[in-house]
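The values are calculated or read from the model by the stated rules, or taken from the named source; none is laboratory data. Here the structure is a predicted model, which means the values were calculated and not measured. Positions of Cβ are backbone-derived with ideal geometry, glycine not excepted, and every protein chain shown enters the neighbour counts.
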Amino acid sequence: MGHAMTDRRDKLLAGCLFALLFSVYLLTFSGRYHSSDEMSMLAATDSLARRGAWDTELIRWMGEQQGSFSPDGHLYSRKGIGTTLAALPLYWLAIQTGQVGNVQAAMPD
């Protein structure tokens, strides 16, 4: 009986902690770009989510400020792939549902 009560309490505590942290997240994120670096990482995320490609053609207008042109003529980001891959599931989900903005889903503060 004691073990079941401890499990229930642990689950309740975990749920409350999740609700608290998620509430703080929702209250503090802006859902907009803060730098051109974020734009570059999100352009790579968009290319992966929509076409399975690594280019950042969405920000081609920025030229070599945020990427490098390859021999195939496409612009590719010089940023690491960590943020791009971390944002990919939420970004893809936002595209599929159409209920949440892509930037709001993928780029919290």
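I need the full set of residues from the stretch 60-77 which are of a type in the set (A, V, I, L, M, F, W, C) and either out of contact with any strand residue (DSSP E or B) (no Cβ under 7 Å at 6 or more places or on another chain) or closer than 19 Å to P89 by Cβ (or both), in order please. Hits for the stretch 60-77 are W61, M62. Scanning the stretch 86-95 for any residue that is outside any helix (DSSP H, G or I) and either exposed (fewer than 13 other Cβ atoms within 10 Å of the Cβ) or in contact with a Leu (Cβ under 8 Å, 6 or more places away or on another chain) (or both) turns up nothing.
Inspect the stretch 39-62 for any residue being over 18 Å from V103 (Cβ atoms), in a helix (DSSP H, G or I) and modelled with pLDDT of 90 or more and give the result as yes or no.
Of the residues in the stretch 39-62, the ones over 18 Å from V103 (Cβ atoms) are 51-55, 60.
Keeping just the survivors that are in a helix (DSSP H, G or I) gives 51, 60.
If we keep only those that are modelled with pLDDT of 90 or more as well, we get 51.
Yes: the stretch 39-62 contains one or more residues that are over 18 Å from V103 (Cβ atoms), in a helix (DSSP H, G or I) and modelled with pLDDT of 90 or more.
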